[in-house]
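The values are calculated or read from the model by the stated rules, or taken from the named source; none is laboratory data. This is a predicted model, so every value here is computed, not measured. Here the Cβ positions follow ideal geometry from the backbone for every residue, glycine too, while neighbour counts run over all protein chains shown. Just so you know, the surface numbers come from the protein's heavy atoms only, side chains and all, with ligands and any DNA or RNA stripped out. Shrake-Rupley method; radii C 1.70, N 1.55, O 1.52, S 1.80 Å.
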Amino acid sequence: MQIEKLNPQVVGIDFPWFDHTLVLERFPQDNESMRIQESGYSGGGKVATALVATSRLGIPSALVAVLGTDRRERFLYEDFEANEVDLAHVRIEKGFRSGSSVVISDSVSKGRRILWQSPSNFDALTRADVDAAADYINQAKFIHLCRMDDVGCYAADLAKAKGTKVCFDADFFDESIAANLHRIDLLIASEEFHQDMFSQRPTVDTLKQLAMHGGPKTVVITLGSDGGVVFDQGRLETYAANAGGINIVDTVGAGDVFHGAYLAAQCRGYSALDSAKYASATAGLKCGAMGGRTGIPTHDIVQKLLDTGVADQSYLSERQMLYSDLSYRIFA
């Protein structure tokens, strides 16, 4: 199905992050030095990276956010532009500084460690920013959130009043999420979220509890290398992780990409289960390159993996060059 690029079909609301990514052979012990194998810069953030994935997969997306004016903020802005995310409702505020992370991946365990610093002002994003983007939100198929603070709840209510579905990224358990399940149509949560809430593996009964009292109609629980489960229309189904046999370089951002790819599949009319399979394949391909966004594939690449089992990574050199050039131009 061809998607006409006119109005954004997915609108995301959150704070972008700036990532400095490092790859080591293994994580060093106390008082040990270690040579960095690879390093680079990338945009980050749960909703922000999901929108980049959605756009890369051919579905128009837009960001509602605040950015500052220094070189890091310019990098973030141009990263979105390069990935064709609509920035009409990104407000530039002098003195604001986005959150930042140092992401350390190691080649032995394929795991990661993240050191992070919050944005300079979480109050910078306001209801007025949501109101300014009301036309976008009203005509979109989904809004995507990861915070149920005042602004997130306000945006969810605005969307639901116009029939726009609300997708929420719950990568950790928080009481504010549990208290606002009635505002969510599509909940994509981590294994940790479910474990913290129910102290057990996902079952039909636990996922029904999430959907009770006007809660999300569809719930996806991601289980890492074990794939995940999808609860939709009262049925519980499973899907396998799908990385096409590629060499896993960096898992940072894989969950964010999964969310964006799931929304892209939904916009293309895929079922809940097929959307999860599509998202799993997209996230697997992403892990073939360093950074949260470099390895995000196009729709055709994902479909080829689903249809043939072949992971075509021919697009990576162009993506790596994009981020190398962007970094050099801004920071050199």
Worksheet item: Evaluated at 10 °C with a viscosity of 1.306 mPa s, what Stokes-Einstein diffusion coefficient in µm²/s does segment 89-237 have when Rh comes from the Kirkwood expression over alpha-carbon pairs?
Response: 93 µm²/s
Response to the item:
Residues whose modelled amide H sits under 5 Å from the amide H of Asp86, counting only those 5 or more places away in sequence or on another chain, are Ser61, Ala62, Leu63
Practice prompt. Using the heavy atoms of the protein chains and a 1.4 angstrom probe, tell me the accessible area per residue for the chain in square angstrom.
Written response: 44 Å²
Worksheet item: In whole Å, what is the distance between the alpha-carbon centres of segment 250-272 and segment 74-113?
Response: 18 Å
Worksheet item: So between Phe331 and Ala82, what do we pick up on full extension, going 0.36 nm a residue minus the alpha carbon distance?
Response: 88.0 nm
Practice prompt. Filter the cross-link list Lys217/Lys304; Lys141/Lys217; Lys162/Lys208; Lys165/Lys208; Lys165/Lys217 down to pairs whose alpha-carbon distance in this structure exceeds 21 Å.
Written response: Lys217/Lys304; Lys162/Lys208
Worksheet item: Taking 0.36 nm per residue of separation and subtracting the Cα-Cα distance, what length does fully extending Glu25 through Phe122 add?
Response: 31.4 nm
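Which percent of the accessible heavy-atom area of segment 52-177 goes to carbon and sulfur, probe 1.4 angstrom?
Answer for segment 52-177: carbon and sulfur cover 50 percent of the accessible area.
Quick one: length gained pulling Asp205 to Ile36 fully straight, 0.36 nm per residue minus the C-alpha distance? Walk me through the numbers on the way to the answer.
Details: separation 169, 0.36 × 169 = 60.84 nm, distance 4.65 nm.
Extending this stretch completely gives an extra 56.2 nm.
Beta carbons within 10 angstrom, averaged per residue: use that to sort the peptides 82-92, 30-40, highest first.
Values: 82-92: 17.5, 30-40: 10.4.
My ranking of the peptides, most packed first, is 82-92, 30-40.
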Item to complete: Indicate the gyration tensor shape class of segment 23-77 (rounded, prolate or oblate), computed on the Cα atoms with a ≥ b ≥ c the square roots of the eigenvalues: a/c under 1.5 is rounded; otherwise a/b larger than b/c is prolate and the rest oblate.
Response: prolate
Discussion item. Just to be sure I understand: of the beta bridges DSSP finds with both ends in the chain, what percent are antiparallel, rounded to 5?
Written reply: 40 percent
Response to the item:
The Cα extents of segment 1-144 along the principal axes, largest first and rounded to whole Å, are 54, 41, 21
Fill in: segment 194-332: equivalent-ellipsoid semi-axes (sqrt of 5 x gyration tensor eigenvalues, Cα, Å)
31, 16, 13
Item to complete: Take every DSSP beta bridge whose two residues both sit in segment 173-300, then give the antiparallel share in percent to the nearest 5.
Response: 65 percent
Worksheet item: So what does log10 I(q)/I(0) come out to for segment 141-229 at q = 0.20, 0.21, 0.23, 0.25 Å⁻¹, using the Debye formula with one equal point on every Cα and no solvent?
Response: -0.89, -0.97, -1.14, -1.31
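With +1 on each Lys and Arg Cβ and -1 on each Asp and Glu Cβ, and nothing else charged, work out how big the dipole of the chain is about its Cα centre, in Debye to the nearest 20. Don't skip to the answer; put the middle values down first.
Numbers: 32 positive and 43 negative charges, 73 e Å.
Dipole about the Cα centre, nearest 20: 340 debye.
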Worksheet, complete the sentence: Of the residues Gln139, Leu187, Gly255, the Cα lying farthest along the dipole of segment 139-294 towards its positive end, which is defined by charges on the beta carbon of Lys, Arg, Asp and Glu, belongs to Gln139
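Given only helices, namely DSSP H runs of n ≥ 4 each adding -39500 (n - 2.57), what is the per-residue ellipticity at 222 nm of the chain, to the nearest 500 deg cm²/dmol?
Numbers: 12 runs with 122 residues, N = 332.
Estimated from H runs of four or more residues: -11000 deg cm²/dmol.
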Worksheet, complete the sentence: On the accessible surface of segment 242-332, probed at 1.4 Å with all protein chains in place, carbon and sulfur together account for a percent value of 52 percent
Worksheet item: Which is farthest toward the positive dipole end of the chain among Gly99, Gly43, Ile59, measuring Cα position about the Cα centre, with Cβ charges +1 (Lys, Arg) and -1 (Asp, Glu)?
Response: Ile59
Worksheet item: Using a simple charge model, +1 on the beta-carbon of Lys and Arg, -1 on the beta-carbon of Asp and Glu, nothing else, what dipole does segment 173-289 show about its Cα centre, in debye to the nearest 20?
Response: 380 debye
Fill in: From phi via Karplus (6.51, -1.76, 1.60), per-residue ³J(HN,Hα) for segment 219-231 in Hz, x at Gly/Pro
10, 10, 10, 8, 10, x, 5, 8, x, x, 10, 10, 10
Discussion item. Considering only C-alpha atoms, what is the centroid distance from segment 166-209 to segment 149-165, in Å?
Written reply: 18 Å
Worksheet, complete the sentence: Sorted largest first, the Cα spans of the chain on the principal axes come out in Å as 53, 45, 44
Discussion item. Just to check I understand the Karplus step: with θ = phi - 60° and J = 6.51 cos²θ - 1.76 cosθ + 1.60, what whole-Hz values come out for segment 271-288, glycine and proline as x?
Written reply: 5, 4, 5, 5, 5, 5, 5, 5, 5, 5, 5, 5, 5, x, 5, 4, 6, x
